[in-house]
Amino acid sequence: MTNRIRTKLLTLILLLFSILMGDAYAQEIELSHRASPLKNPVPSVDFSLIDTDENMHKFSDLRGKVAVVNFWAVWCPPCREEMPSLERLRRKLAGKPAAVLAINQGEDAERILSYLWGLDPVPEFPILLDQDMKVSSEWAVTGLPTTYIIDKQGNIVYRMIGGREFDHPEIVKVIEKLLAE
Amino acid sequence: MADGITLIRKTIQIFVLFTFSGLATVQAETQSLQQDKPTAEAWQLSAKHQGFNIALTAITPDRIRAFFTGRGFPPEMIEAIASYCVIGTRIENTGSLPFSYDLSKWRYQTADGELHKLKIKADWIREWREQGIKFAFSQLAGNPTFLPGDWISSMTTYKLPHGATFDLHYQWNINGKDNTGIIKGVKCAND
């Protein structure tokens, strides 16, 4: 085998390996699209929190709507991974009695906004600040990200631990079913 | 077909990593073994059971220090955490039934054969609260229920020197039935 062929072969092998390794890196955070209902729905705990623009939000004001409530932090990789899909979900639900909101855990608005502005699409739903992490404690959040789907009566009917692709048809179908109830 | 391709890919990845990083000493009594990053400490051990998957990755003390510094922890607490062997632990429900696990039932076995309890989230939270730290995340939840599709990556901590090796005895419960597994040869990151 000549040196030239050997070099080409080695290059090809390295290229193949780099593709495979790139794939391995890409698969590090795989978002699920499964939404499993809680066996026994539980009433949501009301809260009032300010958002990144310092507007106050009272959760019980959303009664009559299906709400998607996401607990997250910028430091949490799967939280970052799933965030654009939350905005795509919001856009899919536009005009329907539904709401998407994300509750950040303990980070300041400046850090949150500098992260959000880099996203595509940029989230337009409220980002609430749970500075002392009291709301996540009351909602029994054991890890980030955790997302709840709340029915029109204010009951938590779905709970998802770990990153999700929220605009996946399987999850959208769940929400549309709740909207139709 | 997809499983076959994945297997071939993983086999090649393992071959490449073992060849280029010289980490062939990692041992595991698991159903699958993979290493994601070709660095000295960044290896991964994993086990797949019916619906219950677990994967482990050693986290270096420097990464621990960086993470908790970023969360505003006081230096003494950061060093206290970094002094432990910290393992990134991923739990995933790939089945169709909910499962739960109880970290207080998990044990790690050292070379002398002794079984030890993990330092669990409740233990850390207690210490953090005593110091006025409100942060409640990063440590693997102690006794949660995972619904189908749920997964989490968090930390578990072991009172072992950096670089030490142990076997992890883990437990989970599906449909009221306890199941157990062992991952052998888990290696703590070096400082």
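No value in this document is a laboratory result; all are computed from the given coordinates. Values in this document were obtained by computation on a predicted structure and should not be read as measured data. Positions of Cβ are generated from backbone atoms using ideal geometry, with glycine treated the same way; all protein chains shown enter the neighbour counts.
Kindly put B:F146, B:F52, B:F73 in sequence by how many other C-beta atoms sit within 10 Å of each C-beta, fewest to most.
Fewest to most other Cβ atoms nearby, the residues stand as B:F73, B:F52, B:F146.
How well do other chains shield peptide A:73-82, expressed as the mean number of their Cβ atoms within 10 Å of each residue Cβ?
Averaged over the peptide's residues, the number is 2.
Based on the mean of other Cβ atoms within 10 Å per residue, sort peptides A:148-157, A:112-121, A:90-99 so the most packed one is first.
Descending packing order for the listed peptides: A:148-157, A:90-99, A:112-121.
Through the Karplus equation 6.51 cos²θ - 1.76 cosθ + 1.60, θ set to phi - 60°, convert the phi angles of the stretch A:127-144 into ³J(HN,Hα) values in whole Hz; use x for Gly and Pro.
10, 8, 10, 9, 4, 9, 6, 6, 5, 5, 5, 5, 8, 6, 7, 9, x, 10
Using θ = phi - 60° and the Karplus curve 6.51 cos²θ - 1.76 cosθ + 1.60, what whole-Hz ³J(HN,Hα) does each residue of the stretch A:62-73 get, with Gly and Pro shown as x?
Here the 3J(HN,Hα) series is 8, 3, x, 10, 7, 10, 10, 10, 10, 9, 7, 8 Hz.
Quick one: if you take sqrt(5λ) for each eigenvalue of the C-alpha gyration tensor of the stretch B:71-135, what semi-axes come out, biggest first, whole angstrom?
Ellipsoid half-lengths, sorted descending, are 26, 19, 11 Å.
Applying 1/(1 + (r/R0)^6) with R0 = 22 Å to the Cβ-Cβ distance of A:A94 and A:S114, what FRET efficiency is obtained, to the nearest 0.05? List each step's numbers first, then the result.
Values: r = 26 Å, r/R0 = 1.19.
Efficiency for this residue pair is about 0.25.
Percent antiparallel among DSSP beta bridges with both residues in the stretch A:41-129, to the nearest 5? The partial results should precede the final answer.
Working: 4 of 14 bridges.
Expressed as a percentage, antiparallel bridges in the stretch A:41-129 total about 30.
Round to a whole angstrom and tell me the spacing of the C-alpha centers of the stretch A:31-103 and the stretch B:150-191.
32
Applying 1/(1 + (r/R0)^6) with R0 = 45 Å to the Cβ-Cβ distance of B:N175 and A:K177, what FRET efficiency is obtained, to the nearest 0.05? Write down the numbers at each step before the final one.
On the way: r = 27 Å, r/R0 = 0.59.
Here the calculated transfer efficiency is 0.95.
Provide A:C76, B:C85 in ascending order of the number of other Cβ atoms located within 10 Å of each residue's Cβ, fewest first.
Sorted ascending by nearby Cβ count, the order is A:C76, B:C85.
Determine, for A:E110, A:E81, the number of other Cβ atoms within 10 Å of each Cβ, and report the residues in order from fewest to most.
A:E110, A:E81
With θ set to phi - 60°, apply the Karplus curve 6.51 cos²θ - 1.76 cosθ + 1.60 along the stretch A:50-61 and write out the HN-Hα couplings as whole Hz, x wherever there is a Gly or Pro.
In residue order, the calculated couplings are 8, 9, 5, 9, 6, 8, 7, 10, 9, 4, 5, 5 Hz.
Over all alpha-carbon pairs in the stretch B:44-166, figure out the percentage whose distance exceeds 19 Å. Each step should come with its number before you reach the end.
Numbers: 3793 of 7503 pairs.
When every Cα pair of the stretch B:44-166 is considered, 51 percent fall beyond 19 Å.
Using a Förster radius of 45 Å, what is the FRET efficiency between A:D61 and B:E79 based on their Cβ-Cβ separation? Nearest 0.05, please.
In this case the efficiency is close to 0.50.
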